[in-house]
Amino acid sequence: MKFTYRKMDNLKVLIVEDDPNLGQILSEYLGIKGFDTTLCKDGEEGIAAYNQGIFDLCILDIMMPKKDGFTLAQEIRNKDDQIPIIFLTAKSMKEDTIKGLKIGADDYMTKPFSMEELLLRIQAVMRRVKNGNADEIGDGLFQVGKYLFDNNKQQLEADGEIKRLTTKESELLKLLVQNKNKTLQRSFALKRVWGDDSYFNARSMDVYITKLRKLLKEDSSLKIQTVHGEGFKLLME
């Protein structure tokens, strides 16, 4: 799964920290800075919140009851291999750092730390994520085969012809492009575009996938493949 970059003041952050004082400070500070935060006190609460919502960044304590931060991060990575994760720990052990990096941590902070340092780390991580999206050639502009896809204007352009897209078509195509040649999980796409992954929304998404296939059919290098039991994959050469 590929993370979708948004402006800093729109970011939804999952904070999982078993120290109630630190957790509250983190949540309040980031809230003041314009982030939309969800605070959980242990790993089980954390994965439940993650499964129920859509997040742009995870801040995870390592030493927690019920489910530690490493286990939680691995479960999140199994669902979304690109979402940024910052680990917090009271330890400075090299082994913990190595384990965190192997799981795919984007950064690692040892307590105690200043809120200002955390904010700078978050900004640095998000810049790396944004710059890593090589398919975006401009603000909301993507090259999709022979098509120029403008997500802001909700249109596809090729050979001087412009095809208009609905809001859902545009958002769904953007997710497929950002996950090109990777499986876009059905549940993730439904929550992003429709708001929840109900049966009726899933049937609606199938209809929109069919529409997108028709819109892209003039370029034989493009194919939207159904990955049974998982989701869809935009194959691009």
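The values are calculated or read from the model by the stated rules, or taken from the named source; none is laboratory data. Remember, predicted model here, so these are calculated numbers, not experimental data. Positions of Cβ are backbone-derived with ideal geometry, glycine not excepted, and every protein chain shown enters the neighbour counts.
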ask   = Taking the condition surrounded by 16 or more Cβ atoms within 10 Å (Cβ to Cβ), in contact with a Ser or Thr (Cβ under 8 Å, 6 or more places away or on another chain) and touching a residue at least 60 places away in the same chain (Cβ under 8 Å), does Leu26 pass?
value = yes
query = Only one of these conditions is not met by Asp197: (1) farther than 25 Å from Glu157 by Cβ; (2) part of a helix (DSSP H, G or I). Which number is it?
reply = (2)
inquiry  = Cβ contacts < 6 Å: first residue closer than 11 Å to Gly23 by Cα and buried (at least 21 other Cβ atoms within 10 Å of the Cβ), restricted to the stretch 34-47; second residue at pLDDT 95 or above and of a type in the set (S, T, N, Q), any location; separation 6+ or different chain. Result?
reply    = Leu39/Ser27
message = Suppose we filter Ala105, Ala158, Ala124 for residues that are modelled with pLDDT of 75 or more, over 23 Å from the mean Cα position of the chain (by Cα) and not hydroxyl-bearing (Ser, Thr, Tyr); which single one remains?
response = Ala158
message = If I filter the stretch 149-172 down to residues being closer than 17 Å to Ile224 by Cα and free of Cβ contacts under 8 Å to residues at least 40 places away in the same chain, which single residue comes out as surrounded by the fewest Cβ atoms within 10 Å (Cβ to Cβ)?
response = Glu171
query = Would you call Lys191 in a loop (DSSP other than H, G, I, E, B) and either buried (at least 16 other Cβ atoms within 10 Å of the Cβ) or at pLDDT 85 or above (or both)?
reply = no
